[in-house]
Amino acid sequence: MAGTGTAHLRDGDPNVLVRVEDMVVEFSISSGTVHAVSGVSFDIVAGETLGIVGESGCGKSTTARAVIQMPRPTSGSVTFNGTDLTQLGNEELRKVRPDLQMIFQDPISSLNPRRTVSDIIGEGLRVWGARGQWTSDRLDELMEAVGIDPRFGERKPHQFSGGQCQRISIARALVLDPKVIICDEPVSALDVSVQAQILNLLEDMKQRYGVSLVFISHDLSVIKNISDRVMVMYMGKVCEVAGADDLFARPAHHYTRALMASIPGSKAVVEASMIEGELPSAINPPTGCRFNTRCPAATDICRSEEPTIEAVGGDHYVACHHPATETPVTVES
Ligand SMILES: Nc1ncnc2c1ncn2[C@@H]1O[C@H](COP(=O)(O)OP(=O)(O)OP(=O)(O)O)[C@@H](O)[C@H]1O
Ligand code: SF4
Ligand SMILES: [Mg+2]
């Protein structure tokens, strides 16, 4: 099964915070069923940044949103603190929401334009009041931590730049001391110069507040920069999971190699090439390995049998019938 399997899950590791197992998310539309996420499994480990990368439409956002049950997965489980979130009713789910926060791509439109920045950041404290003290000190501390002058608390979002709005979003996500923050393309809408500042801020906040990050991006250079581990997705499936250094030094899945070859400035030296051909329809995905219609190494078995995820050494896992082992691809960051 392409990209299905659980060999990469960390059974028995007490640091696993969230376990997603065999998660499927499908959408019914007039022309059929969209297979957005098709049997994805992964762990989020305490204190790590897990990068999720893949082309537009591969299911990154849907995967992330389904972790927080928005939308509810079609099947599979999401275990947090020993509880399967997919089995919780809305009221019980509400109680765990503060622990699992999200930051979105467009910082300006994700902030309520009519509220002041203090109100926006402090909203969680009011809604989930029991979890924290609603104090102006707490707000000042957070605003300072994210680099927004607390004296500007009465201003509205439109009075800030995109980068500053993303800092405000980060403060809002941190206010309830979450365990995990899912960052969905948080720097994609920002100028390159501001991107680095926001990435540094996320890294600082991760250390300071002991939060784990899930960092979604279609940009491998950004993913390389920020992630401890990386999960590569293609058409709703997991292709490869590895420590960031290992993945970039020894990419084993042909899709990962093709993605790396497409980074400007990369020195791709094997068969990897720019990804050719159209992305198949998520309503009617290819049988076998979903990448077989575009893979330079595809054989008959790739068209008929879906590969399961298997270890290729250390903490490195790949779902491919013919994983690449030759000369690594060099990627300059
Ligand atoms: N609410 C929805 N209804 C129908 N189809 C959807 C819905 N949300 C997502 N999809 C489809 O599910 C698939 C995965 O979409 P998703 O937004 O998760 O991808 P993504 O990897 O986050 O893409 P991008 O990089 O563009 O943000 C796509 O085919 C998309 O069109
Ligand atoms: S070699 Fe086969 S299984 Fe591996 S990525 Fe290519 S098509 Fe998929
Ligand atoms: Mg997305």
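The values are calculated or read from the model by the stated rules, or taken from the named source; none is laboratory data. None of these values were measured; they are calculated from a predicted model. Note that each Cβ is placed from the backbone with ideal geometry, even for glycine, and that neighbours are counted across all protein chains shown. Areas reflect the complete protein model, heavy atoms only, side chains present, ligands, DNA and RNA absent. Shrake-Rupley method; radii C 1.70, N 1.55, O 1.52, S 1.80 Å.
Take the Cα of ILE301, step 7 Å toward its Cβ, do the same at GLU92, and the gap between the two points is 4.3 nm.
The H on the amide N of THR4, modeled in the peptide plane, is under 5 Å from the matching H of ILE309, each at least 5 residues off or on a different chain. Inter-part distance, the range 40-61 to the range 225-251, computed on C-alpha centroids, equals 9 Å.
Using a 1.4 Å probe on the protein heavy atoms, what percent of the accessible area of the chain belongs to carbon and sulfur?
Answer for the chain: carbon and sulfur cover 48 percent of the accessible area.
What the chain shows is 43 Å² of accessible area per residue, with the surface traced by a 1.4 Å probe over protein heavy atoms.
Placing +1 on each Lys and Arg Cβ and -1 on each Asp and Glu Cβ, with no other charges, gives the chain a dipole about its Cα centre of roughly 860 debye.
In terms of the Cα gyration tensor, with a ≥ b ≥ c the square roots of its eigenvalues, is the range 16-318 rounded because a/c is under 1.5, prolate because a/b exceeds b/c, or oblate?
Cα axes put the range 16-318 in the prolate bin.
Distance between the pseudo-spin-label points of THR116 and SER281 (7 Å out from Cα toward the beta carbon): 5.4 nm. Tell me the net charge near VAL53. Cut-off is 11 Å between Cβ atoms, VAL53 excluded, with +1 for each Lys or Arg and -1 for each Asp or Glu. Summing Lys/Arg as +1 and Asp/Glu as -1 gives -2.
If R0 is 45 Å, the Cβ-Cβ spacing of GLU310 and GLU141 corresponds to a FRET efficiency of close to 0.45. Computed on the range 16-318, with alpha-carbon pairs under 8 angstrom and 6+ residues apart, the relative contact order is 21 percent. Listed by chain and number, the lysines placed with their C-alpha closer than 25 angstrom to that of LYS224 are LYS60, LYS179, LYS206, LYS237, LYS267; residues fewer than eight positions away on the same chain are left out.
Taking label positions 7 Å along the Cα-Cβ direction at both PHE152 and ASN200, the computed distance is 1.7 nm, reported to one decimal. Report the calculated FRET efficiency for SER193 and ALA7 (r = Cβ-Cβ distance, R0 = 56 Å), to the nearest 0.05. After rounding, the FRET efficiency stands at 0.85.
Only helical runs count toward this figure. For the chain, summing -39,500 (n - 2.57) over DSSP H runs of n ≥ 4 and dividing by all residues gives -8000 deg cm²/dmol at 222 nm. FRET efficiency for the TYR209 to GLU326 pair, using the beta carbon distance and R₀ = 30 Å, is estimated at 0.10.
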